[in-house]
Structure formats: C-alpha cells, structure tokens
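To keep things clear, I will list the structure first and then write my remarks on it.
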Amino acid sequence: MANLKELRDERLRKLEELKKLGVNPYPAKAHRTHMAGVVVQDFSALEGQAVTVAGRIVGIRKFGVLAFVVLKDASGQVQLFLKEGDVAKTVAVDSQIGLEHLSLLDSGDFVEATGDVVKTKTGEISVAVKTLRLLTKSLRSMPTAQEGFTNKEERLRRRYIDTNVNHDVYERFLRRSKFWQATRDFLNEEGFNEINIPVLEQTTGGADANPFVTHMDALDQDFYLRISHELPLKRLLGGGYEKVFDIGPRFRNENYSDEHLPEHMAMEWYWAYADWQDGMTLTQRMIRRVADETWGMRTFTLANGLTVDLGPDDEDWPRISFVKLLQDRYGLDVHTCTLEQAVTELKKIGGEVEKIDNRSRVIDKLWKKIRVEIAGPAFLIDIPDFLQPLAKLQSDDSRLTEQFNLMLGGTEACKAYSELNDPIDQLDRFMEQQKMRDEGDDEAMMLDIDFVEMLEYAMPPACGYGHSERIFWMLEGVTAREGVIFPQLRRDTDESIKKIYPEVWALELKNLQNKE
C-alpha cells in the first residue's frame, strides 16, 4: 500500500499535467444554482431541468464510456452521471474537464457540474452532466466514513477532516451555532441590548480565576485577557443602559478538564431594577427556549450518566440551600466553623488541602464533593457572603447573598445574583479579596478602584447572570474539547510533515534550538 508521500506525489503529478493542459486548478469563481441535497429532495419539481451543483468529490467510478461521481456539499450528496458524447470536452481556459481527462480528478477535489436532473436506470437521482469544471485540486485524500477517522488526538488536531468524515461532529457545531443564536434571539426579544466590551483589561475581575497576561506595545503596558464580562457590563448599567448582554470569549489560565477550557465562549446579561428572584424566572424561560431551539427536546442523558429534565413551562425548578446541604452532609455551620474544622472534614472525604487554601476555598471544595450528585435542574441558593464578593445580602439573613446558581448535570451551569451597588461595601469586599491575593490566592479578585468610583456615581439595583458554553457541552453530551471546533493542544509536528516539508521542519528545529 502506498504511503502518504507517494499518494501525494501522484496527485502532484496530476496537478502538473493539468497545468500543462492550460487548466487553472484553482479558479476563483463557481456558478452553483442548486444545493445537492435540494436536487434530491425536490426531484419531482426539478426533473428534466438544468441545474449547476458544486461540491467535493467523495467517490469516482468509471466504466468505459460511463462514469459516476458522488458529489457532496453542506446539504447532502448527489450523483453525477457522465456519458461519453454528452459531456463537453476539456476546455482549459474554463477549467473544464472532459471524460478524456477524468483520470486527472481524485476523491477530495472540488468540482462544478451542470446538467439535467434525471434518474438513472437503477433509480438513482442524478445530474446528467453536460459540463464539468475543476474548482480545487486536492493534494491529499480525504478518509471515507467507511475507513473511519476515530483517533481522538487526530480528530481534535484535524477537525477539518473530522467534520468531513464524521457527520455527527459536523452537525454538533451547527447546533452550537444555534445554541448561541437562540440565546441572542431570546434576549433581544426580552428587550436586552447586545453591547460588546473589551477583551483586554487593565484590571480583571468578576470571577475567581487566574488570568492570562499580555503586553500592549502601543501603551508599553501589560493587560489581562478578561476572565469575565461582569464589571464592564455593570459599568454600562451605571452609564444609563438598563438591559445589556454580551456573548464572546473569556480566558482563564487554568488546567483543562472535561468541564473547562482555558478559552471558551460565555454570555452574561445585566438587568436594571430586577433582583435575583426575577433572574431565576428569566433563567428558566431562557434555558428551556434555547434547548427547544437547539435540540428540539427538554430531556437529556448527559455524558456522566445523569438525566436532566428541564420540565414544562408551568413548573418551577426546585431550590436547594447551600448552608443546609453542608450542615446535613458534614455537620458544619459554614458561618461559624474554623479553617481547621473545615480541613478536617475535607480530609475525611479524601479531599486535597493545599498550603494556600483558606477557609473559603476549603468550604468550596467540600461543596464540590456534593454537587456532582445533583442532576438538576435546580437553583442553589443561600450562598454565604464570603463566597461571593459582588452580590447583595439577603434582608432576612445578612450572612447570605441574593445569589442563585443553576445546578445542571452535577455542576453549576450558571451564576447569578442581585448586584452589589453600595460602593463602600464593595470596596470593603475588594479589600478582603486583595488580602487573599496578597496571601497567595491567585484566583481571588483584584481591587478595581475604577469600578468602585463608578458605583459612587450610582448604579441602579440590578440582577446579573452569566453562563458559558459548558451548558451546551453538557446537554450535547460531550466533553469540553469535543464541544469546541478547534481546542488548544500541545504543539506537535507529525512525522509525515517532517518528510513532506523538510524545509519547514528544518526551520522549526532552528526556532526550537534558539528558544533553548
């Protein structure tokens, strides 16, 4: 069996032969009138009519004066039927290929075919080709679905092959697009305005996360890639906007997991004159609407085996008390327990205690041991103030925040709360967070004095909400890396690249040596 280099060399030979004929193997213009899938679906209306289709060749068979080509585009597949005497000869100036030069085409090439819609003697819906044009000559053979393309590492590195060969993967990212479009449509209908905010920030906040750092040459100053949309969007509330949201990437310089990627898409909305109770009602409606639009169903079996039923519109999701859960499970009063007591309970269940862990971090780790059991949907409430420095406090118990987290599939799929707008209280909480940073907690929030200044000009009472594409990953039933089109991977040079492009590999080696 020929190796990759030999197969590629054969295609290069065909490419040179096409060029010698005067054929441009990469013309700029196509003239498609119909999608392949439409030709098949609307055969009764299109039979006998002339159409022009364009797409990738996924199969070629030639039998003397007859040839059959399977053409694939985004809508599906259609057969091209070529018969000697009916197909125009090669016309190099138009990149037109006749049957006499069909052998110069390969599976993987993009072509354009014009002809009448017919059924062959075997009943196959086809385009009886009159002219065939080469649009793009491929130098590598695309694997077929029958051959399989299942190696996970290969699939993630070469998604452009994965989406060609594995139709379920191709469809997944169309659903991912629907997921975000449905979110956007819902919020637009609710009167929210999408306002894009910066990715580069001088001070980053809004979440407990370690940021990426970059440098802006124009200002000769370091900036952070945002870890959250929160503080800039709340500045917009202070600026007079009442319903705002943004959908875009955020960056958290942390480890990969099945639920987390350092770079991922997220959405946050902020709603003036609303509180956390309003937020829960809106969240139920939004998640159900997005599920309906994306998957057309509300019951999901997740990758971890849990089943989630989003339920009917007239049914509210249950509410679970954070304080009561930890009291019932560990016998801990989270308001009064010491760091040592919390550490003792964490060690009992095999949890890892790090030197920089403070009381808040240990309590959070205890909670995470419980949350994996909660299928949801449910709203986690009664979250202590020391775990959320940006939320208002409950009027009935000032130790608790007006916060809710959407529990879904054993994790927190969203975080939302009545926003803190007392500048003095906010500064005190920022100072506490800064103290935690100074003591070694890199994920504690930074002190953002500009945000405090905005609050001194006054921000209306509001509810804020945020979720990432993790909700999509969960309901789709895939891990984080499977849920994004091009996940970050450690750089690696394939052995075939070294052989096919030795000059490129030599440059890479030189660069690696220079870095060392």
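Summarising the overall dimensions of region 1-142 from its C-alpha atoms, the Rg and Dmax are 14.7, 46 angstrom.
Its residues counted as N, the chain yields a C-alpha radius of gyration over 2.2 N^0.38 Å of 1.24. Each residue of region 257-268 in order: what ³J(HN,Hα) in whole Hz does its phi give by Karplus 6.51 cos²θ - 1.76 cosθ + 1.60, θ = phi - 60°, with x for Gly and Pro? Values, residue by residue: 8, 5, 10, 9, 10, x, 10, 7, 8, 8, 9, 9 Hz. Taking label points 7 Å from Cα along the Cα-to-Cβ direction, L4 and E153 give a separation of 1.3 nm. Taken about its Cα centre, region 327-372 carries a charge dipole of roughly 160 debye when the Cβ of each Lys and Arg holds +1 and the Cβ of each Asp and Glu holds -1.
Projected onto their three principal axes, the Cα atoms of region 204-265 cover extents of 37, 35, 18 Å, largest first. Taking N as the residue count of region 393-516, its C-alpha radius of gyration divided by 2.2 N^0.38 Å amounts to 1.72. Residue exposure proxy: H335, H31, ordered by other Cβ atoms within 10 angstrom of their Cβ from fewest to most, comes out as H31, H335. The trypsin sites (Lys or Arg not before Pro) of region 463-516 meeting both criteria, a DSSP state outside H, G, I, E and B (loop) and at most 15 other C-beta atoms within 10 angstrom of the site's C-beta, are R490, R491.
Which entries in K347/K415; K72/K178; K14/K62; K355/K435; K5/K72 show an alpha-carbon gap greater than 21 Å? Listed pairs above 21 Å: K347/K415; K72/K178; K5/K72.
Once Lys and Arg get +1 and Asp and Glu get -1 on their Cβ, which of Q513, Y330, A266 lies farthest toward the positive end of the dipole of the chain? Value computed over the given set: Q513. The magnitude of the dipole of the chain, with charges of +1 and -1 set on the Cβ of Lys/Arg and Asp/Glu and taken from the Cα centre, is near 3020 debye. Extending 7 Å from the Cα toward the beta-carbon at both A30 and E16 defines two label points whose distance is 2.9 nm.
The distance between label points at T299 and K355 comes to 5.3 nm (points 7 Å beyond Cα on the Cα→Cβ vector). Between the beta carbons of K121 and F212, assuming R0 = 60 Å, the FRET efficiency works out to 0.45 to the nearest 0.05. Relative to the longest principal axis of the C-alpha atoms of the chain, give the angle of the C-alpha long axis of helix 167-189, reported between 0 and 90° and rounded to the nearest 10°. The helix 167-189 is inclined about 50 degrees to the chain. With Cα atoms as the point set, region 368-429 shows a radius of gyration and Dmax of 12.7, 39 Å. With only the Cα atoms considered, region 233-364 has a convex hull volume of 199 Å³ per residue.
Here the ratio of the Cα radius of gyration of region 73-211 to 2.2 N^0.38 Å is 1.62.
Taking Cα centroids, how far is region 102-116 from region 331-397 in Å? Region 102-116 and region 331-397 have Cα centres spaced 62 Å from each other. Taking the charge dipole of region 345-459 about its Cα centre, with +1 at Lys and Arg Cβ atoms and -1 at Asp and Glu Cβ atoms, the residue from W367, Q394, I424 reaching farthest to the positive side is W367.
Using the Cβ-Cβ distance between E495 and D220 with R0 = 45 Å, the FRET efficiency computed as 1/(1 + (r/R0)^6) comes to roughly 0.60. Each Lys and Arg Cβ is given +1 and each Asp and Glu Cβ -1; about its Cα centre, region 246-327 then shows a dipole of about 160 debye. Of the GluC sites (Glu not before Pro) found in region 117-218, the ones in coil according to DSSP and having at most 15 other Cβ atoms within 10 Å of their Cβ are E124, E147, E190.
No value in this document is a laboratory result; all are computed from the given coordinates. Note that the structure is predicted; figures quoted are calculated from it, not measured. Cβ sites come from the backbone with ideal geometry, for glycine too, and all protein chains shown count toward neighbours.
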